[in-house]
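The values are calculated or read from the model by the stated rules, or taken from the named source; none is laboratory data. These numbers come from a predicted model, not from an experiment. FYI the Cβ positions are ideal-geometry reconstructions off the backbone, even for glycines, and counts take in every protein chain you see. Side chains included, ligands, DNA and RNA excluded: accessible areas come from the protein's heavy atoms. Shrake-Rupley method; radii C 1.70, N 1.55, O 1.52, S 1.80 Å.
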Amino acid sequence: MERIYLDHNATTPLDPRVFETMAAILRAVTGNPSSLHWFGQQARATVEDARSRVAALVGASPPEVVFTGSGTEADNLALRGLAAAAPASRRKVVVSAIEHHAVVNSAKALAEEGWTVETVRAFPDGLVDLDDLRARVDDRTALVAVMLANNETGVIQPVVEVARLAREHGAAVHCDAVQAAGKIAVDVRALDVDTLALSAHKLYGPQGVGALWVKRGTRMKALIRGGSQERNRRAGTENVAGIAGFGHAAEIAREEREAEALRQGTLRDLLEARLLALPGARRNGDGPRVPNTVNVSFEGTEAESLLMALDLMGIAVSTGAACAAGAIEPSHVLRGMGLPRARVQGSVRFSVGRGTTEAALLRAAAAVAEVVERQRSRDRVRA
Ligand code: PLP
């Protein structure tokens, strides 16, 4: 059975060119980047070369890029690090309702430590409500966090406006760009934020490597203490091969993004048209989107059952739901957009990628039609 992978927002396969780079580094570069001898300097040069490439992807200057162990760690570092460095008069954090758990749970941890945390709602089209944001940000706000592209709907958020509102009150701004980088153009200066999170494995790089861009001069406390690596922002010997892979993946993304965005956008639109033609199908997220993502609710279905049935047919998709303590928790993102529980329960995310072909998509669309109809007719028999 030929398997079809439509879950590129969960992770992307490692680009074979990136694999070759990593393999070569693992073989040849054996030093510690902090060592002063030749071996160390080889490793240092490898890391710095990758830093330049990652910086170039987002219009940053290399010294502002801090490598981390994941996108999650980058989000944690931003929220907790910025909060810890804020003046005592600012004890409030404002985050959107549709953030990734990396941000949601970092904010939760701050709340447990006595911070005031406020959540900005989103509209049913998937965009954060700027009026609600305006009402919550004040001169006691330490930081505001709003993502660039949502992982479940793909909807691109008005981060420039968010940053402008936050600046009016002197608050710092964090932007989670994990799902945006490599899919749309990202420019840290144009966004005018203070920190921006990235993750290698969402752009055909390795898992377990991330980065936080930190604007020069930003006051931020380190989370991980130890040596003076990453300009004292993140201690620990660098993951040299992983970072080199991230650098190469970022470079490929920069060079090939525009052409791929066009190609994937066309494929996504084709899939979307087929899915929305099914009875009771509705798109979740009508705002402007990244080109590879579509989230659809199939009325009267359970997304987990659809996912399992599709998996048996060789097709990998995802639901926004997470299994928490044995219970299926409906997506906080779709709930945060005010969508009814039943619609959320029947929602499936499809995310295409570099390897996706038209033939595969057509097969996937036909399989979805089949499993949706099968689940509905079974329910009709039971009723
Ligand atoms: N932020 C967003 C929007 C994501 O989609 C993800 C991953 O799903 C993360 C953060 C976390 O990145 P990582 O998997 O590298 O920890």
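Laid out as a table, the results:
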{"quantity": "Region 182-206 residues that are open to solvent by 10 Å² or more (accessible area, probe 1.4 Å), paired with ones that are in a strand (DSSP E or B) and not basic (K, R) (beta carbon under 7 Å, 6 or more apart)", "calculated": "K183/A149; I184/A149; I184/I156; L191/C175; D194/A172; D194/V173; D194/H174"}
{"quantity": "When residues of region 12-30 are limited to those that are surrounded by fewer than 17 Cβ atoms within 10 Å (Cβ to Cβ) and closer than 30 Å to A365 by Cα, the one farthest from the ligand (Cβ to nearest atom)", "calculated": "P16"}
{"quantity": "Any chance V66 is away from the ligand (no atom under 16 Å from the Cβ), under 21 Å from the mean Cα position of the chain (by Cα) and β-branched (V, I, T)", "calculated": "no"}
{"quantity": "Residue check, R90 of a type in the set (K, R) and away from the ligand (no atom under 16 Å from the Cβ)", "calculated": "yes"}
{"quantity": "Region 271-303, subset open to solvent by 50 Å² or more (accessible area, probe 1.4 Å), in contact (Cβ under 8 Å) with a residue 24 or more places away in the chain and in contact with a helix residue (DSSP H, G or I) (Cβ under 9 Å, 6 or more places away or on another chain), residue nearest to T356 (Cα to Cα)", "calculated": "R274"}
{"quantity": "Test for A222: is it open to solvent by less than 40 Å² (accessible area, probe 1.4 Å), in a loop (DSSP other than H, G, I, E, B), in contact (Cβ under 8 Å) with a residue 40 or more places away in the chain and more than 16 Å from the ligand (Cβ to nearest atom)", "calculated": "yes"}
{"quantity": "Residue count, region 69-87 (criterion: more than 14 Å from the ligand (Cβ to nearest atom) and over 22 Å from R136 (Cα atoms))", "calculated": "0"}
{"quantity": "Checklist (1) more than 23 Å from the chain's Cα centre (by Cα); (2) open to solvent by less than 50 Å² (accessible area, probe 1.4 Å) applied to E48, failing item", "calculated": "(2)"}
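To keep it simple, each residue is scored yes or no on (1) in contact with a Leu (Cβ under 8 Å, 6 or more places away or on another chain); (2) under 14 Å from L133 (Cα atoms).
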| site | (1), (2) |
| --- | --- |
| E152 | yes, no |
| V155 | yes, no |
| V160 | yes, yes |
| A163 | yes, yes |
| R167 | no, yes |
| D176 | yes, no |
| G182 | yes, no |
| D187 | no, no |
| V193 | no, no |
